[in-house]
Each structure stands twice: as C-alpha cells, then as structure tokens.
1. Can you list the HN-Hα couplings for region 221-234, worked out from phi with the Karplus curve (6.51, -1.76, 1.60; θ = phi - 60°), rounded to whole Hz and with x for Gly and Pro?
2. At 7 Å along Cα-to-Cβ for each site, give me the label-to-label distance between LYS31 and GLU283 in nm.
3. Bin width 5 Å, origin at 0, all Cα-Cα pairs of region 1-70: what percent of pairs per bin?
4. Determine the distance separating the Cα centre of region 172-207 from the Cα centre of region 93-155; give it in Å without decimals.
5. Within the set of other residues whose C-beta is less than 9 Å from the C-beta of SER353, count the net charge using Lys and Arg as +1 and Asp and Glu as -1.
6. Along the Cα-to-Cβ line of ASN137, 7 Å from the Cα, sits a label point; which residues in region 1-20 have backbone N less than 18 Å from it?
7. Helix 331-341: angle to the longest alpha-carbon principal axis of the chain, degrees 0 to 90, nearest 10?
8. Tell me the mean residue ellipticity at 222 nm calculated for the chain from its helices only (DSSP H runs of n ≥ 4, each -39500 (n - 2.57), averaged over every residue, nearest 500).
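The values are calculated or read from the model by the stated rules, or taken from the named source; none is laboratory data. The model shown is predicted, which means the values in this text are computed figures rather than measured ones. Cβ atoms come from the backbone with ideal geometry, glycine included; neighbour counts cover every protein chain shown. Ligands, DNA and RNA are stripped out before the accessible areas are found, and what is left, the full protein with its side chains, is counted by its heavy atoms. Shrake-Rupley method; radii C 1.70, N 1.55, O 1.52, S 1.80 Å.
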Amino acid sequence: MYVCVIGTGYVGLTTGAVFADLGNDVVCVDKAAAKIERLRQGIMPIYEPGLEEMVKRNVEEGRLTFSTDTAAGVKRSDVVFIAVGTPPAKDGSTDLSQVESAATEIAHALDKYKIVVNKSTVPVGTGDFVRRVIEKNKKSAVEFDVVSNPEFLREGSAIADSFHPDRIVIGAPRQNVAMALLELYAPLERPMLITDVFSAELIKYASNAFLATKISFINSIADICERVGADVSLVAKGMGADARIGKEFLQAGLGYGGSCFPKDTLSLIHTAKALGEKIDILEAVVATNDVRTNRFVARILEACEGGVGGKRVGVLGLAFKPNTDDMRDAKSVEVIKALHAEGAKIIAYDPISTENAKPMLPPDVEYASSSYEVARDADVVIIMTEWNEFKLLNLEKIQAMMSNPVLFDGRNIYALDRMDRLGFDYYSIGRRTIRGRGRVATTAQAGTDGRAVT
Ligand code: NAD
C-alpha cells in the first residue's frame with residue numbers, strides 16, 4: 001500500500017518505519033525542513049532504541065522516503081496518516097492547529113479517493129472536525145473518509161510496542177473503510193477492535209486517564225506508607241498480583257510526566273466540562289500529581305540541615321523516563337528549578353537527554369559525563385530517572401566520592417537493606433527512610449579506586 005505519514009516525530013517516524021518494514025511504500029512528511037534533511041542523511045531526530053537501524057534498512061531497500069512536500073506525499077498515497085503534535089492550550093484544551101493545517105494541506109492535494117487517518121491523540125469529535133476542514137478546502141469533488149486510529153506506543157519501547165500492540169483500535173465510519181486499515185495492520189497479527197470514530201477517540205483518552213489514575217492512586221498510598229513505615233513496593237506487589245488490578249503502572253514515584261499523560265488528562269477534563277459533565281476523579285488525579293514534586297523537594301530541604309543553599313546537589317537522570325530523550329513535562333525540570341531557586345549548585349547527568357534538557361534548565365547548571373562525576377563532592381544525589389545504568393552503579397564508589405552520603409531516590413531503584421548496609425542516608429518514595437550517615441565513616445575507608453572498603 002502507498003502510505004503517507006504527516007508529522008515525523010516520535011509517533012510519525014516510528015509508524016512510518018514500521019509500515020515500511022511491513023512492506024508498504026511509505027513517505028514521511030514534516031514541515032521541519034532541517035529534520036527531514038537530517039533524516040535523509042540517516043541522522044535520527046529522536047532517540048528511540050532500534051529506530052535508526054529500522055529506518056536505515058527501509059530507506060536502503062527503497063520503501064521509506066522523507067519529504068517536506070505534503071502535497072506530493074498525499075497525491076501518491078492511498079492512506080494518509082496525521083501524526084502531528086496536539087499540545088495543550090493554556091485552558092487545558094487541546095491545541096488542534098497542527099491537525100487543522102495538516103487537514104488543510106491534505107484537502108488541497110486531494111485528487112482521488114483516500115482514507116485520512118487521525119493517529120494524533122485528539123479530543124472526541126476531531127474526526128468530524130478534520131472531515132469539515134477537508135470538505136471546505138478540497139479543490140475538486142473527490143470522496144474521502146476520516147478514520148481514528150489512536151496510537152498507544154510508549155517512548156523508549158516504541159518499535160516493540162508498534163510490532164506487538166495489545167490492541168489496534170480502528171474507528172471508522174463504515175465497515176469497508178475499516179477493512180482497508182485492517183489490511184494494513186494484518187501482518188502484525190494482533191487483536192483489532194473496530195469501532196465508530198467517537199469511541200476510538202475516547203478509547204485513547206480513557207486509557208491514558210485510567211493509567212494516570214493508577215499512578216496517582218499508588219502515589220497516595222505511598223504517602224500513607226511513609227507515615228506508618230510500610231513499603232509501597234510490597235503493597236503494589238500485593239495489589240498487582242490480583243488479576244483484576246494488574247501490576248502495571250503501580251510504581252510509586254514523582255508522578256506522571258512526559259508528553260502524553262499530563263496533557264491528555266487535562267484535555268479529557270476539558271472535554272467533559274465542554275459537554276456539561278465533570279470528572280471529579282480525574283481532577284483529583286491531576287491535583288495529586290501536581291503536588292508530587294513539591295513534596296519531594298520539601299523532603300530534600302528538610303533533610304539537608306540549613307537547606308540546600310550553596311550545597312552541591314547531583315542529579316541522576318533528566319529525561320521524563322528511561323530510554324528516551326524526551327524532556328516534555330519531565331519532573332527533573334521542576335525539581336532542579338526548585339532546588340536551584342533555593343541556592344543549590346546543580347550538577348546533572350543523563351545518558352541521552354542532556355542536550356534537550358539544557359534550554360529548559362537554569363544556565364548555570366553543570367553537566368557531567370558520568371554518574372560518578374555527579375557524585376564527586378556532592379552533598380546530596382537525587383535519582384530522577386530510572387535508567388538501567390543507575391541501577392547498576394557501584395554504590396560503594398558513589399558513596400566514597402560524595403561529601404555526604406545522602407541519596408534521594410524518586411524512582412525506588414535500590415533495595416532498602418542494601419542502602420542500609422552501605423550506610424547511606426537514603427530517602428525513597430513510600431518506603432522507610434534509612435539513616436546511615438556517620439556509621440560508615442567509622443567502618444569504611446575509601447580504597448584507591450574510590451571503592452569503600454568495609
Ligand atoms: P512530535 O512533536 O514529536 O512530532 C510532531 C511532528 O509533526 C513535528 O515534527 C512537527 O514538525 C510535525 N508537524 C506539525 N504540523 C505539521 C504539518 N502541518 N505538516 C507536517 N508536519 C507537521 O509529536 P509526537 O510525540 O510524535 O506526538 C504526535 C501525536 O501522537 C500527538 O497527538 C501525541 O499526543 C500522540 N501520541 C504520542 C505518543 C508519544 O509517546 N510521543 C504516544 C501516543 C500518541
């Protein structure tokens with residue numbers, strides 16, 4: 001099939017590469033000329049494991065091309081995907097201007113029947129909006145259909161998610177329109193759900209809102225755990241073992257961030273209000289999430305005698321989650337800004353996202369090239385992203401390099417008994433606090449490689 005994907009970001013580029021890999025002839029279009037130029041040179045605009053190899057293979061085999069020419073891309077294609085951004089507007093609603101301009105460009109190029117597929121996350125009713133925009137702007141009496149095919153991939157595992165989605169949702173106006181999409185996805189051999197357009201649009205928001213609810217719920221339980229000395233990871237394990245609940249999205253932490261959950265929860269609240277409804281539960285989910293980082297920062301300030309003014313605070317992890325370079329709504333930005341405002345001297349390290357983070361952080365933040373460099377002479381080290389390499393750190397070495405072995409873990413990546421044994425002051429989320437400071441100084445001394453010898 002000839003496929004055009006408009007918008008070559010996390011979703012568009014992955015979708016284009018996967019459809020090409022399935023044997024289709026795909027053109028990925030973007031208005032950002034520099035991005036397209038770099039893609040033509042084989043340089044990926046985003047970090048996504050496995051993407052570069054897949055793009056390269058499909059470009060070499062002639063199934064995947066990149067262009068800024070939307071009209072040409074649309075004209076050659078049977079199916080046109082819209083995968084542009086849908087950022088939040090100030091009032092929490094969804095800014096549909098990118099969708100509108102993509103639809104207008106499709107209309108101008110429409111020369112024969114095509115299926116236009118909304119893959120961007122859009123409020124219920126946007127399929128109708130896209131239909132109206134195309135009707136109004138098309139140059140000839142050509143037929144078209146608008147389908148909703150929401151995307152559920154997760155950054156960091158986008159390729160695997162695209163090849164093995166739990167379900168593929170196709171919201172189509174008629175059965176025969178859905179069949180064309182069914183054919184496109186058939187090689188994946190994954191469950192497909194055919195619905196009307198409204199339901200498909202709502203499935204995406206309801207799913208993200210539900211996952212956000214699980215996160216805010218477990219974080220509220222974590223607060224209770226902290227009060228009584230219970231362990232939220234054990235509570236979550238016990239809950240998750242119940243098949244009706246499931247273990248996913250029950251990791252307590254600093255709250256949800258990233259490019260989807262914050263905007264999608266707000267958008268659904270806004271949609272409900274516009275329809276005369278109020279989703280109290282979702283408003284509570286957002287309010288719970290909004291105070292997570294404040295609470296974390298307050299704990300840091302309380303633990304550091306005399307505050308963090310003039311203290312060296314190391315930050316491990318900047319990306320909103322591991323295996324991505326995406327900094328949109330990353331919790332690290334909130335925490336770093338708050339500590340910086342209190343006078344902390346920040347030194348940060350992230351394996352991938354440092355360049356994306358720099359414009360979002362105060363100019364005097366220092367960037368290290370390794371975790372160990374972050375730890376050197378630090379008064380406090382904070383874990384903001386659960387990158388695998390942080391889980392595998394030589395903690396004895398980290399401890400020996402720090403001025404004070406005080407570690408705040410916003411992602412619960414270390415076992416409490418280990419931190420206890422090592423003698424850190426270790427603060428995590430929803431688990432008892434370990435206070436080991438001082439103990440280690442009498443039982444350990446730094447070896448020549450910085451490793452503490454006990
Ligand atoms: P992105 O910002 O990474 O990419 C969007 C791209 O669209 C940009 O490169 C931009 O230049 C391009 N664009 C905008 N208007 C255009 C136009 N008129 N013509 C051509 N190109 C245009 O966004 P993303 O993260 O890929 O998200 C895209 C959509 O998918 C959003 O609605 C998002 O909510 C949804 N989504 C994202 C994820 C995710 O994990 N990122 C997952 C599921 C769904």
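1. 5, 4, 4, 5, 4, 4, 5, 9, x, 7, 10, 5, 5, 6
2. If labels sit at LYS31 and GLU283, their model points lie 3.5 nm apart.
3. 4, 21, 34, 28, 12, 1
4. Each part's Cα centre sits 16 Å from the other's.
5. Values: positive: none; negative: ASP325, ASP326, ASP350, GLU355.
Neighbour charge sum, excluding SER353 itself: -4.
6. What the label zone holds, given the 18 Å backbone N cut-off, is 4-8.
7. Its long axis makes an angle of about 50 degrees.
8. Working: 20 runs with 199 residues, N = 454.
For the chain, the value works out to -13000 deg cm²/dmol.
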